[in-house]
Each structure stands twice: as C-alpha cells, then as structure tokens.
Amino acid sequence: MNDIRRRYVIPGDKIAEGNYRPLMNVVKSGNALYATRIGIAETGRDGAKVIPLSGVYIPRVNDLVIGKITDHTSLSWEVDINSCFSAHLPASDVFGRDFSPARDDMSKHLAVGDMITARVAAFDRTRDPMLTLQDRDLGKIPRGELLKISPTRVPRLIGKRGSMIQTIEQATQTRVLIGQNGIVVVTGRTPEGVEMAVKAIRMVEEEAHTANLTQRIKVLLNVPDEPQGAPAASNEAQKTAEPAAAPADPAEGELEVESEK
Amino acid sequence: MTQTRNLIDENGKRTDGRTIDELRQVKITVGTVKNADGSAFIEFGKNKIVAAVYGPREVHPKHLAQSDRCVLRCRYHMSPFSTDTRKNPAPSRREVEISKVMREALEPAVMLEDYPRAAIDVFVEVLQSDGGSRCAGITAASVALADAGINMRDIVAACAAGKVDDKIVLDINDTEDKEGGADMPVAYMPTLGQITLMQLDGRLSPEQFNECLDKALVGCKMVYDIQRQALMQKYFGNETEVKEEQ
C-alpha cells in the first residue's frame, strides 16, 4: 500500500506514463493515462484510477440501491433509483415463477410510492437496469428518515470497513441504510438520535475530501477519543492510514446490509 | 467592419487600457447554481455568464435518444438586459448558431459514449455581454461539465484573437469586435492539443492568420490556467497536494 501515489486531478491531467492498467475514470492515450473526472488520482502496482468527487449515479451490477416504486405494468414495477435510467423489478422476482398477472395483485405487495432496498441484477447500458429482491435484507422499507447525498460520497460515508457509519450508528443509536445510488435511510428510537445522525451524514457529504473527518464527526457526536467499542476504534486506526475518499469497492457495499441486522 | 478611429494609441494601449497581448480580467466561480448537477459563473472582462449542466439524465422526447451515445444539448441565450438596448428574449438566428457551435466545441471533450440513451443539457445564460461571449460561454460550460462529474477527455478553454489597427491582438472586446478588422474565436483542448472551434470574421493575410491563431492559442492556455485554478479551489480549497493522514 505504501507505493501508491495520490494527487488531485481535473479532466485531462496526465496521471501516469508507462505500463499501468487503467482501472476507473482514466483514459489511455498513447503510452500515458489521463484523468476523465475531478478527483483524487491513485497510481499503484495494480494500476491507475481516479476517485471522483462529483457525478451522478450510474448503476453497476451487484450494487445495493434504495429506490422508489413509480409505476407498475402487468409484469414489472418501475423503480426510480436516482439515476438517468429507471430500473425494472420483475413481478416474478417477488411472486415466484408461477406469477400470474390475473391472479396476483401486484399493488398489494409493493404500491406506487413505496421505498425498497434492492440489488442491481443486470445492467449493461443498452437496456434499463433490472433489480432483484432475492437476497437477505432486501425489500420494502417500512419507515425511516430519507435523505439524498451525492453518490460519490457513499464510500466516504461508509468509511474503511464501515468505520464511519459504525461511529455514527453507535453514537446516535440509529440504523443507517446506505444505497450505492446516494439514498440513505436513517431509523432510530428517538427523533433526536435521527436528527443527529442526519446532521453527521450531511457533514460527511460536505467535507468528504478533507483530512481528519472521522475525528471531527466524533467531536460533533460527542464520542470520546477512546471509545469502549473496540471494533470501531481498531477500524478507525486502519481508516486514518488512508486518505480522503475510499473507492467504491463492492465489498464495502455489503456492509450496510450487515448493519441492518 | 470599417475602422473609423484608432483603437490602439501611441503607447500601444487599447481602448480599455490593455496591451496587445493582454487578456481581460477573468474570474470563474464553480458551483453557483445549486439545482444544477454542475455549474460555473464566469466574468470575462465585462461579460457575466452563468453556465449550468444537467445530466446525464433521461432524454425527453424519447425519440431523440441515441442507443450508442449520449445526446449533448446546448442552449446559449442572452438575457434581455444583457445589452445596451433591450434584446428580444426569443432565440435569435445568432443565438441558435452559437448554441450549435458551442455544442460542437464541447462534444470532442465529452465522452458521450459513456452515457448511452441519456442526455446532457448545457445552459449558458449571458447576463451581461461585452464581446467574446461565445468564448466565455464555452469556457464556463466546460468547467460546469467537469463540475457535474461527466467523463471528459480534457477541459475546453476558449479565447479570441483578432486584428485591430492592422495589429494582431489578444482577446477582442466589444468595441474592437465592432470596429476592428477581424475577430477569431478559438476553442482549444490544451492537454490534447486539439482545436474544437475556430471561426473567423474579417480578413487576414496568411501570415496574419497564423499569428492570430497562435495568439488565440496562447490566450486559451491562459484561460485554461484560470479554469484549473477555479476547479481546484472548489474541490480542494487551497491544498495542492494530498495530505496523508497520520
């Protein structure tokens, strides 16, 4: 990890020259790699990439997303997933293979306006993304405070191995569900806790690229420097070894599912 | 395009006190329109222009969507109060043309194939005009596109050069545009070294043409530095290097 070089870039900046593998948000021209987004460029042994600091959500297969049912046909629901593509959730995914539009009442299961947690089952940019609810903890969201953050801030909100979100959850006694598409649902026992969590999430969004953010979040939430919860402390130590925004690692997407338990 | 008075005095100063190689004062602020996905406000001399980018988003009407790439739509518009005498707010022939050349100037920089079946809308609103507003508009739009997080090969910087009193000068203002000999707006991608827009209004000899183009490119590079600074300021503040946390 030590030989990773980082710097701030804007589109068109040369990141690396030579035999580097283009990972994300870079374009190869001749023998060099150039950034295509504003963000933090990372050049390491496995290749070069830019962690973007702005942009809309483009679905990827296996992403966990939070969406709103906007419509339904006789065979599928249409879901707004905060992207330029609206997603489809096939009715057979919910009712099973013997689904019959005549027999099963779709709106009884999911009505227009319902919020759902789903996973992107298929997407290749030539067709609209398809969702699935066939996994643990996926389905209708019954209650919670809904907020939208920039999708590029999602990895930062989760933090390295979920450190940031664990800090917020533990300090405010809430559950925070994060979709890769930038939609966040906060549920908690007390309105004060939810309010505090929302405030912290907003702060993470605004100051995502700055140093020592976890520390400032702890100050905001009145968390002592050495909390009793050992896992959060050890995660924090690992996290601070890393700079600013963490990459949108699919493995990190798993975390918020677990935190739902 | 007939010249009626001297636009460069005996000290080599132009009507607004600049030398022939001097750019007007340029200031760019990123992220001024909160509702947009990306935006920029540029002050290019007396020009005041807002650029806002929306997208990639769904295409309406649907039949305009392209299955292999994104649709880039540009709208250049001058506010009724942007000129001395009121300008009719309906899009004029000139505005329709500038919208088109602006789109063509930005298209090579934007990686449209990354967003098939979507649209990116660029709105450029001139609040106050002072000659060279298409260059300022392209400059602002390009910064706004980068702010919106759209994949781009390079930033597009634009600047004009022209002929005044038989001298080739950088960054033509309104008076020089109306009374001078030639006006050449150029848009340029500095890292790739590619020109995306070049228009010429007036007459130039082949030597003058080359000199004018070279001068415009130098201007574009100066504008690019300001664009870079504005973007860096918005996203990274005054930091230039990534600080490793302890």
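Odds and ends about this structure:
- Kyte-Doolittle at least -0.5, axis length at least 18 Å by Cα - qualifying DSSP helices, chain A: A:191-206
- Shape call, region A:5-52: gyration tensor on alpha carbons, a/c limit 1.5: oblate
- Between the residues B:GLN227, B:ALA65, B:TYR54, the greatest Cα displacement towards the positive end of the dipole of the protein assembly as shown, with unit charges on the Cβ of Lys, Arg, Asp and Glu, is found for B:ALA65.
- Ranked A:LEU157, B:LEU7, B:LEU23, criterion: other C-beta atoms within 10 Å, fewest first: B:LEU23, B:LEU7, A:LEU157
- Taking label points 7 Å from Cα along the Cα-to-Cβ direction, A:ARG189 and B:PHE81 give a separation of 5.6 nm.
- Vicinal HN-Hα couplings computed from phi for region B:67-78 (Karplus, 6.51 cos²θ - 1.76 cosθ + 1.60; Hz; Gly/Pro x): 6, 9, 7, 8, 9, 9, 10, 10, 9, 9, 9, 9
- Amide proton proximity set for A:THR210, modelled H, under 5 Å, gap of 5+: none
- Restricting region B:1-110 to GluC sites (Glu not before Pro) in coil, as DSSP defines it, with at most 14 other Cβ within 10 Å: B:GLU10
- Overall, region B:26-235 carries a charge dipole of about 660 debye about its Cα centre when +1 sits on the Cβ of Lys and Arg and -1 on the Cβ of Asp and Glu, all other atoms neutral.
- Gyration tensor verdict on region A:19-177 (Cα atoms; rounded if a/c is under 1.5, prolate if a/b is larger than b/c, oblate otherwise): oblate
- Rounded to the nearest 20 debye, dipole of the protein assembly as shown from Cβ charges on Lys, Arg, Asp, Glu: 440 debye
- Amide H contacts for A:SER76 (H built 1.01 Å from N in the peptide plane; partners 5 or more residues away or on another chain; cut-off under 5 Å): A:ALA91.
- Normalised contact order of chain B, rounded percent, pairs of Cα under 8 Å and 6 or more residues apart: 22 percent
- Segment A:ARG60-A:SER74, length gained on full extension (0.36 nm per residue, minus Cα span): 2.4 nm
- Residue order, fewest to most beta carbons within 10 Å, for A:ASP3, B:ASP114, B:ASP214: A:ASP3, B:ASP214, B:ASP114
- Gyration tensor (alpha-carbon) shape descriptor, region A:92-154, a/c threshold 1.5: oblate
- For chain B, calculated [θ]222 nm from helices alone, where every DSSP H run of n ≥ 4 adds -39500 (n - 2.57): -9000 deg cm²/dmol
- Ranking of B:MET184, B:MET152 by count of other Cβ atoms within 10 Å, fewest first: B:MET184, B:MET152
- Among B:ALA109, A:LEU33, B:TYR76 the positive-end extreme of the charge dipole of the protein assembly as shown (Cβ point charges): B:TYR76
None of the figures in this text is laboratory data; all of them are computed from the coordinates on show. These numbers come from a predicted model, not from an experiment. Positions of Cβ are generated from backbone atoms using ideal geometry, with glycine treated the same way; all protein chains shown enter the neighbour counts.
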